[in-house]
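The following block contains the structure, expressed as structure tokens.
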Amino acid sequence: MGGEGGLPIGGKGGLLELRGWVLAEHWFGYGVTATADGPRRVVVLARRAFTRPPGVGWVALLREATGRTEPDRCGVDWAATEAALGTALPGDYKDIVDAFGPGSFDEYLDLLVPGALGTDLVSWGQDMARYADLYRPYPVHPAPGGVLMWGTSEQELTFHWLTGPADPDDWPVLVQYMGGEWQRFDCGTGEFVLRLLTDRTPPFAFPPSAGPFPHWFASWELPES
């Protein structure tokens, strides 16, 4: 047993029965193989690598991970939002907002959403320049290569994009901790959120991934227009 995929199962006669379970970053298997001496019971433990099934988007995986079945909300005027911020935004972030709206993943990561009361992405983005010293050594958007916040947490950390001249879908995610330390993740917003919830391997391994409990999304309604 062991390794990324575990040891091969099946003796001379092959595999007769196998049942498997997922727990955090491991696969657990229990089954019966055929051997020259008759059936043999086996237990398998293998590390589960983080993978995305081909053709499946990050938002679909987030829906599955959180058990969300509500239809997309699609209540944000993205053209007006991007004009107000002076930049296009990552497509996977917009897809997450359209699918989930304002709210919190596992009461750990709170989304900044255009128009949301208290967590308006545009207001927070426009106010960041007033507190530029808090984000050093990075400049603040709209300065070239400036940071732009897209999420907060009561766990004393905030979530940002490192903006730049390239396609916003290529912007990495930066996490800033209460002490001012920064951690960079070279992935998009959708992948980052899913891995924050489910991936227990470094450099992720955020608290929501620690247990086998279900993940959830707590919705906050947009104010009436």
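The values are calculated or read from the model by the stated rules, or taken from the named source; none is laboratory data. The structure presented is a predicted model; accordingly, all values stated were derived computationally and were not measured. Please note that ligands, DNA and RNA were not included when accessible areas were found on the heavy atoms of the full protein model with its side chains. Shrake-Rupley method; radii C 1.70, N 1.55, O 1.52, S 1.80 Å.
Each residue of the range 80-93 in turn: what ³J(HN,Hα) in whole Hz from Karplus with 6.51, -1.76, 1.60 and θ = phi - 60°, glycine and Pro shown as x?
5, 4, 5, 5, 5, 8, x, 7, 5, 10, x, x, 6, 5
So, one more: Would you kindly state how much longer the chain becomes between Ala143 and Glu64 on full extension, computed as 0.36 nm times their sequence separation minus their alpha carbon distance, in nm to one decimal?
24.7 nm
Taking the Cα centre of each part, how many Å lie between the range 86-126 and the range 163-180?
Cα centres, the range 86-126 to the range 163-180: 15 Å.
Right, another one. How much accessible area per residue does the range 82-225 have, counting only protein heavy atoms and a probe of 1.4 Å, in square angstrom?
46 Å²
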